[in-house]
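This report refers to the structure that appears directly beneath it.
The values are calculated or read from the model by the stated rules, or taken from the named source; none is laboratory data. None of these values were measured; they are calculated from a predicted model. Heads up, the Cβs are rebuilt from the backbone with ideal geometry, glycines too, and the neighbour counts pull from every protein chain shown. Surface areas here come from the heavy atoms of the whole protein model, side chains and all, with no ligands, DNA or RNA. Shrake-Rupley method; radii C 1.70, N 1.55, O 1.52, S 1.80 Å.
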Amino acid sequence: MLHRQMRPVVTIAFLVATATVRAGAAESDFVLRFDKPATKWTEALPLGNGRIGAMVFGRTEDERLQINEGTLWGGGPHDYTNPEAYSHLAEIRKLIFEGKVDEAEELSRDVMGKPPVLMPYQPFCDVRLHFPGHAQATEYRRELHLADAIAETTYSVGSVKFRREVFASYPDQVLVVRITANEPRQLSFGVRLDSPQTGTRIESTANDTLQLTGQIQPRQNPARSWTGSWDQPGMKFAAVMKVLAEGGSVRNAPQGLEITGANSVTILLSNATSFRNYRDIGGDAPTAVQGYLQPALKQPYDRLRQRHVDDFRRLFSRVQLHLADLHSDKPTDQRINSFAEDEDPGLLALYFEFGRYLLISSSRPGGQPANLQGIWNEDLLPPWASKWTTNINLEMNYWQADAGDLWETEEPLWSLIRDLRVTGAETAQVHYRSRGWVLHHNTDLWRATTPVDGPWGLWPSGAMWLANQMWDHYQFSGDREFLRQQAYPAMKEAAEFALGALVEAPAGTPFAGRLVTNPSTSPENAYLLNGKPHNLTYAPTMDVELIRELFASCRRAAEILGTDAGFRSELDEAYKRLPPLQIGKRGQLQEWIEDYDEFEPHHRHVSHLYSLYPGQDISLRTAPELAAAARKSLELRGDGGTGWSSVWRTALWARLRNPEHAFANLKFLITTSTLPNMFDLCPPFQIDGNLGGPAAITEMLVQSTPGEISLLPALPRQWLSGSLKGVRVRGGGKVDMVWKEGRLTQLRLESDHAVTYRVNYGDALAEAQIEPGKPVVLDGALHRMGP
């Protein structure tokens, strides 16, 4: 362990703080700005309320709003388990232990789920607005106001100024479009609905109302699309759009509705599906739509807007990052294009806030978790089916939630885990004859937990990762009811599966007599054996890391809850028999059970570094040799990669307290993996880089364990001055801080319960005792400020 004997220690009994950390700018600066309409989907602006998603193009003559609903998926309720899988398991294990991986991978086809690919998230409909004569608009401006979650488009036609506001309300569960002009009777336009789904019906049910109804139709998808097919009709869905005009008239037209001579127009859209749960799609979609729409219709526009803004700001404003803003008035796409030269700190602060915005918009209580594209998708056959990939992407989507004080957004993830514990227990029994629950590398709306896609899908550790993430939420929140009712049951059952699935490595193999996972893989990566690439192995490093962390946290949780003494002993005995982490011939943290050559040395996944981040078992202080090996692995793997892998590398380098490499990966993220509307590029678009970005940036500024806070551990030279407000740390505390010229100048700590931290900054160390309701302020030397 690293001792800091030369560092001054200041013990502080904290009183009520008299100073406060001042933010460097206002929430009004958190705006995406553009000087032209979107010409394609990846330039449009995203809105969402956790159920409804909308992409707003901001076109002047022919506007498009592309609409999603979180439960509209292909296929239907389905049991993916394969009754033949278990009969092949022993042979696959034997072949892997004997080094006959070719044969094992060939046989692994017979243990895939049925079908061996999962179902796709689907687009719902489009709202089309046609404004005759608006093609030659001037004074054009398009903005997304992050703090208010409102997309705004303004422009002029002649002397008339037109303005549109669009938002997706969580409290009222409707999409709202407000159109105004600065002169009376200037609004004359057409509005219609259409859908890429076959078999939809669109009709006018009143002079001011359009209704869309439909049902997902059977579909055969290409074999190489990594997307399942289905031969029966699936989900039913419905949408209703109501047009409310002030002045003028609204009437039916051949292609929709026509508004003439209005002063202002408010359009309300609500949509729904027949989804009740992953086993029941027998709901009444039209009735659900009216249940959302009718209460909203009773409220004036100003009230709908205020309820929406109040609700969104309640979450969004909790945490704010401010960095020097070089070009805040410059269009966002131009700022992205110039980042390679100017390294504008303010653009990264905007990226941080945009990631917060997207998580709130795509994940709210009562909805589904954020998938590979959050809640936004225009394609019938989206990349990787826009599902939930559980070997990094789903987990990364929620990395920011705990430190970012967005705990409410995690409820859809916890709900998903509750379902997966049921289907995962079925898969554990059918495929492994094991107790507990298992999850492989993907799931969908129907809660698949089986291996899918190919040999790289035979990775049985997804449940362990999600269970560890639940434990980390407890470390931030200290919520014992969450631990008792949700986290510990999921953790225990994941550990039970591990205990049931671990097998003893036979004589003649590395670490004979140790308990290992078999079959498994290091997610999506491959090694070279006899000159050929292979996925399958036993005891990949990530599995060992996940199981070690799970067993230790599960034991600790049982102690806290005063339960399962016998189970704790079982975990202890198994823990002792796990293989150790290994350092390879190049000084790297070894990824596989043997020090194989790599098939793809710069692979996007860095799964074997899990214990460095997001795990906590490897650190510079507690495991310096393994930390050095992890650093070597990062150097060999290289900077950059896909958008999300750049984010992961950023966080890993931050844990190693290397600001240069951390910033280099953020720069790579912006310059090569960020679309014009600031969406992350995998490629193609994938939301995980956006949602993981705030977590990686936070790690550069604040790191924590339940008893320790480290300040500015990886502050790059490009961020000489800035402030961070409201970030959560493990143990339940909150941190505000300001730094100038690269040095901490002020720190504010608070907590809603008594807690003690060791606070580290550079060579300064303080022990902080915090009482509820008594925030404290320290200076850059960690001395108490005020009385």
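Rolling a 1.4 Å probe over the protein heavy atoms of segment 465-507, with every protein chain left in place, gives an accessible area that is 43 percent carbon and sulfur. Accessible surface area normalised per residue over the chain is 35 Å², counting heavy atoms of protein chains with a 1.4 Å rolling probe. Relative to the longest principal axis of the Cα atoms of the chain, helix 462-477 runs at roughly 80 degrees. Ranked from largest to smallest solvent-accessible area, with a 1.4 Å probe on the protein heavy atoms, Tyr474, Tyr170 come out as Tyr170, Tyr474.
Rolling a 1.4 Å probe over the protein heavy atoms leaves Glu635 with an accessible area of roughly 90 Å².
Computed with every protein chain present, the accessible area of Lys36 is close to 100 Å² [probe 1.4 Å].
Length gained on full extension, Leu765 to Ser249: 178.8 nm, using 0.36 nm per residue less the C-alpha separation. The simple Förster model, with R0 at 45 Å and r as the Cβ-Cβ distance, assigns Asp329 and Lys576 a FRET efficiency of 0.15. Taking all Cα pairs closer than 8 Å and separated by 6 or more residues, the relative contact order of segment 334-470 comes to 19 percent.
Once all protein chains are placed together, His753 keeps about 70 Å² accessible to a 1.4 angstrom probe.
If R₀ is 56 angstrom, what is the calculated FRET efficiency for the pair Ala552 and Thr287, using the beta carbon separation as r and rounding to 0.05? Working from the Cβ atoms, E equals 0.70.
What whole-number distance in Å separates the alpha-carbon centres of segment 145-200 and segment 751-787? A separation of 48 Å, based on Cα centres. Note on Glu660 and Glu635: the extension gain reaches 7.7 nm, defined as 0.36 nm multiplied by sequence separation minus the Cα-Cα distance.
Computed in the context of the full set of protein chains, the accessible area of segment 649-787 at 1.4 Å probe radius has 51% of its extent on carbon or sulfur.
The long axis of helix 301-316 is offset from the longest Cα principal axis of the chain by roughly 20 degrees.
For segment 579-685, the list of trypsin sites (Lys or Arg not before Pro) that fall in a loop by DSSP and count at most 16 other C-beta atoms within 10 angstrom reads Lys585, Arg586, Arg621.
Loop only per DSSP, at most 12 neighbouring Cβ atoms within 10 Å: give me the trypsin sites (Lys or Arg not before Pro) in segment 357-444, ordered by residue number. Those that pass, being in a loop and sparsely packed, are Arg433.
When Asp342, Asp231, Asp126, Asp35 are compared by accessible area at a 1.4 angstrom probe, the order from most to least is Asp231, Asp35, Asp342, Asp126.
Annotation for Tyr86 and Ala206: the two label points, set 7 Å from Cα along the Cα-Cβ direction, are 5.8 nm apart. Only Cα pairs under 8 Å and 6+ residues apart enter the sum, and on that basis the relative contact order of the chain stands at 15 percent. The fraction of accessible area contributed by carbon and sulfur in segment 167-317 is 45 percent, rounded to a whole number (1.4 Å probe; ligands and nucleic acids excluded). Placing +1 on each Lys and Arg Cβ and -1 on each Asp and Glu Cβ, with no other charges, gives segment 30-97 a dipole about its Cα centre of roughly 240 debye. Subtracting the Cα-Cα distance of Gln220 and Phe599 from their residue separation scaled by 0.36 nm leaves 133.1 nm. The shape of segment 735-787 comes out prolate: with a ≥ b ≥ c from the C-alpha gyration tensor, a/c is at least 1.5 and a/b beats b/c.
Relative to the Cα centre, the charge distribution of the chain, modelled as +1 at Lys and Arg Cβ and -1 at Asp and Glu Cβ, gives a dipole magnitude of about 1040 debye. Net charge in the neighbourhood of Trp73 (other residues with Cβ under 9 Å of its Cβ; Lys, Arg +1, Asp, Glu -1) is 0. In the chain, the longest principal axis of the Cα atoms and the axis of helix 411-432 are about 50 degrees apart. The residue among Met700, Leu666, Gly641 whose Cα reaches farthest toward the positive pole of the charge dipole of segment 598-729, with charges on the beta-carbon of Lys, Arg, Asp and Glu, is Met700. Look at the alpha carbon pairs under 8 Å that are at least 6 residues apart: their mean separation over the length of segment 582-641 gives a relative contact order of 42 percent. Computed over protein heavy atoms with a 1.4 angstrom probe, the accessible surface ordering of Tyr86, Tyr761, largest first, is Tyr86, Tyr761. Among the listed pairs Lys94/Lys585; Lys532/Lys585; Lys667/Lys740; Lys387/Lys492; Lys100/Lys532, a Cα-Cα separation exceeding 18 Å is found for Lys94/Lys585; Lys532/Lys585; Lys667/Lys740; Lys387/Lys492.
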